[in-house]
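**Student:** Okay, handing you the structure first.
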Amino acid sequence: MIWAIAIAGAAACTLFASVRVALVGFQRPEQNPILRMIAADAWCWFLLLLIPMTVGSFARGEVSSLPWVAFSESFTRHGLIDGVTQAAIMTTVDLWLLWIPAHIFTNHPDADARTRGLARFLNLAVGLLLMAKANPLYQLLDLVPPADPNDY
């Protein structure tokens, strides 16, 4: 139970940090020490584990990319803490796959209007491609035969 609460707290802090990065960008610390702790840039390192794990779950069809559906499925399966954790993870991954990278890039002063539009389009297209279960790239992975565990 304590590990579930710790993971839920880490997922919530990652969500808070992602929202802060989306709104104000990196390297702008808050004046409030509590906000500085729960929305620090360091929580974004958790995304190195979170995004590949979640995109793999999307590909296998184990979880929905919609936060409220993921909450409902997790809540009925394991309870409130897992539901809240799953909703926070899905919201964070959806933000990073669909909006935050393009938003960070378009806030760069050297980006012109065409580049900004292209960055937003590419971010949205790649994010939707990774979130879809019927992705043709995932279907190519199904063509690879599974490895025999006795081959080692």
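Only the coordinates and a few stated rules stand behind these numbers; no lab work does. Note that the coordinates shown come from a computational prediction; the quantities given were computed from them, not determined experimentally. When we count neighbours, we look across all protein chains shown, and the Cβ atoms used for this are built from the backbone with ideal geometry, even at glycine.
**Student:** Name the chymotrypsin sites (Phe, Trp or Tyr not before Pro) in region 1-101 that are in a loop by DSSP and that have at most 11 other C-beta atoms within 10 Å, would you?
**Tutor:** Values: sites: Trp3, Phe16, Phe26, Trp43, Trp45, Phe46, Phe58, Trp68, Phe71, Phe75, Trp96, Trp99; in loops: Phe26, Trp99.
Those that pass, being in a loop and sparsely packed, are Phe26.
**Student:** What order do you get for Ile89, Ile38 when you list them from fewest to most C-beta neighbours inside 10 Å?
**Tutor:** By the 10 Å Cβ count, ascending, the order reads Ile38, Ile89.
**Student:** Let me ask something additional. Counting other beta carbons within 10 Å of each residue's own, what order do Asp41, Asp94 fall into, fewest first?
**Tutor:** If I rank by nearby Cβ atoms, fewest first, I get Asp41, Asp94.
**Student:** Also: Work out the FRET efficiency for Arg77 and Asn107 from their Cβ-Cβ distance, taking R0 = 41 Å, and round it to the nearest 0.05.
**Tutor:** FRET efficiency, Arg77 to Asn107: 0.55.
**Student:** Between region 64-85 and region 115-152, how many Å separate their Cα centres?
**Tutor:** 23
**Student:** Please compute P(r) over all alpha-carbon pairs of the chain, binned at 10 Å starting from zero, and give each bin as a whole-number percent.
**Tutor:** With 10 Å bins starting at 0, P(r) equals 11, 32, 32, 20, 5, 1.
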